[in-house]
């Protein structure tokens, strides 16, 4: 039996714009998409500001790349990351890149990597400028990756009323269901999820306090849900239909 191919990923972290508290969640998230064959983090390691990162690098086998800030007001770290990324891209050994930063300076880099046919996963805080977010195939907000050390760190589930008031979310879900639906209006949940990912790289049910797309869709109460058995007899496929659609 042929083994399933595992995507080889290059992980590049901007230490100046990323908190060390996300490292466990970050690497666990990246493992969903492939193997982090290269793990590099960039910054001025003589700075006390990066002390938190220094304590976790060895544990997670992340290679620190020293970059002195030669000129005040200029981000030498970004330049070093971009140069390394292009060098790695030209090796042809990788299937995708994980760019960890909240800095819009990586927008062009993400676009260039995608032009080469590779996947780009972006990771950054919710303050990340939209051009960088849109340049990635998928973008994960790091707020959902932080270790939950207190109740305030937990992203609370939005209520049904709050979800319905989120016009962008409602429009995104309804458009995806409409695009993926059959003649009767039913759409396979997995197909809906794929459609949403193409339209909105930053979409993630966890941003609304829900672990799965199914849980979020169900909470909106905007769709009829139908669980159908599949041929193996052990699992089920979930379909949904806009409640506004007539039978």
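The values are calculated or read from the model by the stated rules, or taken from the named source; none is laboratory data. Computed from a prediction, not measured in an experiment: that's the story for all the values here. Virtual Cβ from ideal backbone geometry, glycine too; neighbours counted across all protein chains shown.
For the reader, a short list of remarks on this structure follows.
- The combined condition, being in a strand (DSSP E or B) and touching a strand residue (DSSP E or B) at 6+ places or on another chain (Cβ under 9 Å), is fulfilled by residue 120.
- Spans of strands (runs of 3 or more DSSP E) in the range 1-71 with at least 1 residues buried (at least 19 other Cβ atoms within 10 Å of the Cβ) and in contact (Cβ under 8 Å) with a residue 24 or more places away in the chain: 8-14, 35-43
- From the list 123, 139, 94, 106, the one residue that fits, being farther than 17 Å from residue 14 by Cβ and in contact with a helix residue (DSSP H, G or I) (Cβ under 7 Å, 6 or more places away or on another chain), is 94.
- Top-ranked residue in the range 197-208 [being outside any loop (DSSP other than H, G, I, E, B) and touching a strand residue (DSSP E or B) at 6+ places or on another chain (Cβ under 7 Å); ranked as surrounded by the fewest Cβ atoms within 10 Å (Cβ to Cβ)]: 197
- Residues being within 26 Å of residue 136 (Cβ to Cβ) and free of Cβ contacts under 8 Å to residues at least 60 places away in the same chain - total across the range 204-231: 11
- Condition check for residue 25: on the phi > 0 side of the Ramachandran plot and out of contact with any helix residue (DSSP H, G or I) (no Cβ under 6 Å at 6 or more places or on another chain): no
- Search result, residues across the range 209-231 that are assigned to a loop (DSSP other than H, G, I, E, B) and closer than 30 Å to residue 131 by Cβ: 209, 210, 211, 212
- Total residues in the range 147-196 satisfying the condition of being assigned to a helix (DSSP H, G or I), surrounded by 14 or more Cβ atoms within 10 Å (Cβ to Cβ) and at pLDDT below 90: the figure is 0.
- When the residues of the range 84-105 are filtered to those that are in a helix (DSSP H, G or I) and at pLDDT below 95, the one that is nearest to the chain's Cα centre (by Cα) is 104.
- For the range 126-141, the count of residues that are in contact with a strand residue (DSSP E or B) (Cβ under 8 Å, 6 or more places away or on another chain), farther than 14 Å from residue 217 by Cα and loosely packed, with under 15 Cβ neighbours inside 10 Å is at least one.
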